[in-house]
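Novice: Pasting a structure below so you can have a look.
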Amino acid sequence: SAIKREAEGIREGLLRVLEACGACGQDLGTEELWQKVLQEVTVEELQAPLHRLGALQAAWWLAAGRLGSVAGLFQLLSTAEEPGRSHCSEGQNKLLSLIKAWRVPPEGASLPLVQSAKDLKEILCTTAAFLQGLQELEAGNFPTALSLLQEAAGGFCSKKILAQIYTCLGCCAQRMGKPQTALQHLKRALQIDFQCLPALSHAAAVYHELGETDVELQALTLLYEALGKNPPAAASSSPYFLMQTELLVHTPVLASLLRHHHPSEVKYLLAQRCLQDGRVAGAVEHYLDFLSLLQGGLQQQVPLDGSSAVPRIPEVFLEAASALGQAGRHQDAITVCEEVISRTTDLIPRVLRVEARLEQPECSSPGAELAGGLLSQKKESLCCLAWRASGYLHQGWAWAKLGESKEAVTQFSRCLNDLLRLQLHGSGVKPTENLPAEVEVLQKIRLLSLIGRGTQFLELGKHKEALLDFQHSLQISPGDPAATSYLVQALWKLNRKQEAAAQWQKLSQSSPEEDGQQQGQGRPLPLYLVSCLEQAMFPHSEPLARSIQDYLGTAAQDTSS
């Protein structure tokens, strides 16, 4: 940057001052050089220029993040003026106290300055408060960060920087668990600079946290429209300064807080939030818009990594299929899933051997890098298997909704056959305990597919085959209420009424809380599987319940007589 290029010029100036005083400092570091200059130079005429040069040095060090060096320099400058005076009271920020205590040298009439030392002092104060606030925010010291950022907000800066400070204040308040205060700061940021779009993005996140979906979707829609317009940057309303806060504050934490979303990332968030909230029509519209953006080369435009809101692309396709299925567009859902299936076919090995615990090896152990690479590859294969199997699962439910039970059974069977590729190894492996996240998802897909195929066997009158699928479901997830309910239905249809009644009684005795815990056990399901879980729920059957109650009543009478 321009400031960095001036660093050598400052050092050269200090060496010339020493040379004029008959001293040398070529072998000294910059901090030691300043100390020597301020000790050696006693000529009154040089004090003001040295102080101005010290302010420029402080600006360079602030830009470099060397806050301790800045504090040391202003301590030297103040000591040179008033030896023995303390400039920091207890509880005050040392750096800010030192900068504020610095006596600005008087402006000489013979030397016209582009930027006054007084203005530069104000900029240094604002920058020091802003930088320290960001440091404390990153460290998790939120009350201190809030105080420093508020100090910066009252300082000397452009509207652009002031809006950024208020955005950071909003993020700080949000992390402190004060969402309403956060919204006040973020709204203030947008009032100051309507082009501070990160403030709008953070506001949407706060509304999401508050569960205010309508306002959140409005904020995301405004953000998407604003990003699409791509307006030119507004000119700063401040007078032009050689040194500005913008030039001095460029830390990774600020870049992270002010990261601009790509329009397609916001489009995905709109789709995801609509799907999560059951707004199916909106979800379908936004997912289809996103998929059309994808065809236009989205991979080159959006960082598809941890910093992006967009998940892996197959997951987006499956979420879109889920939305289409819920909207009754089953053929479209089948087509979208076919895209996932076809693209993952060649990425999955015939046999996928996985240990019960996929643990990252110690970095210091021999061959750790190779082992880590193999582990990463294995996890990728597990993800691909989950996506492909989920594609078949969604297709199975789609064909079931279309009334095509035979085709549904075929797709559910393909899903289950794919999952046979997974071979889980490890001593004492239990079906639902201590499984890696990827394997747990695959187990859930197997459960949902077995229930799905079992329901279609019931539709086809193949009650024995249905019974087997429901029994296998309960081996994967013992006590699962949906699988147990369907098992009761299958037993009843096979005229195994005593067994059906016993299972029904056992199910009836379990509390709704236990059923809820059973359904929600383990890690949260991926969004693309939530609709499949809902479809696998057993629809309450009043006739079946009445028939079983009548049977139990008759059996009780027979026993008593």
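Novice: Sort 218-225, 319-326, 466-473 by packing, meaning the average of other beta carbons within 10 Å per residue, with the highest value first.
Specialist: Highest-to-lowest ranking by the protection proxy: 319-326, 466-473, 218-225.
Novice: Continuing with this model, one more query. Which of the listed residues, Q191, H202, Q218, is farthest toward the dipole's positive end in region 177-222, when Lys, Arg count +1 and Asp, Glu count -1 at the beta-carbon?
Specialist: The Cα lying farthest towards the positive end belongs to Q191.
Novice: Can you work out the Karplus-derived ³J(HN,Hα) for every residue in region 327-337? Use 6.51 cos²θ - 1.76 cosθ + 1.60 with θ = phi - 60°, whole Hz, and x for glycine or proline.
Specialist: 8, x, 9, 5, 5, 5, 4, 4, 5, 4, 5
Novice: Please list, in chain and number order, the residues 5+ apart from L352 or on another chain whose amide H is under 5 Å from its amide H, with Hs placed from the backbone.
Specialist: Residues meeting the criterion, in which the H sits 1.01 Å from N, are L422, Q423.
Novice: Moving on. Where does each of 157-163, 167-173 land if you order them by average Cβ count within 10 Å, highest first?
Specialist: On the way: 157-163: 21.7, 167-173: 27.1.
By packing density, highest mean first, the sequence is 167-173, 157-163.
Novice: Could you give each residue of region 174-191 its phi-based ³J(HN,Hα) in whole Hz, using Karplus coefficients 6.51, -1.76, 1.60 with θ = phi - 60°, and x for Gly or Pro?
Specialist: 4, 5, 7, x, 10, x, 5, 5, 4, 5, 4, 5, 5, 5, 4, 4, 6, 5
Novice: Next up: May I ask you to order 132-142, 279-289 by the average number of other C-beta atoms within 10 Å around their residues, highest value first?
Specialist: Numbers: 132-142: 17.9, 279-289: 19.6.
Answer by packing, highest mean first, reads 279-289, 132-142.
Novice: Let me ask something else. Rounded to the nearest 0.05, what FRET efficiency do S547 and Q180 give with R0 = 60 Å and r taken as the Cβ-Cβ distance? Could you check? Please list the in-between numbers first.
Specialist: Values: r = 55 Å, r/R0 = 0.91.
Rounded to the nearest 0.05, the efficiency is 0.65.
Novice: Could you derive backbone 3J(HN,Hα) for region 377-383 from the dihedral phi with the Karplus parameters 6.51, -1.76 and 1.60 (θ = phi - 60°), listing whole Hz in sequence and x where the residue is Gly or Pro?
Specialist: 3J(HN,Hα) across region 377-383, in whole Hz: 5, 5, 5, 5, 5, 5, 4.
Any read-out appearing in this document is the output of simple, stated calculations on the displayed coordinates, not a laboratory observation. All values reported here derive from a predicted model rather than from experimental measurement. So basically every Cβ, Gly included, is an ideal-geometry build from the backbone, and we count neighbours across all protein chains shown.
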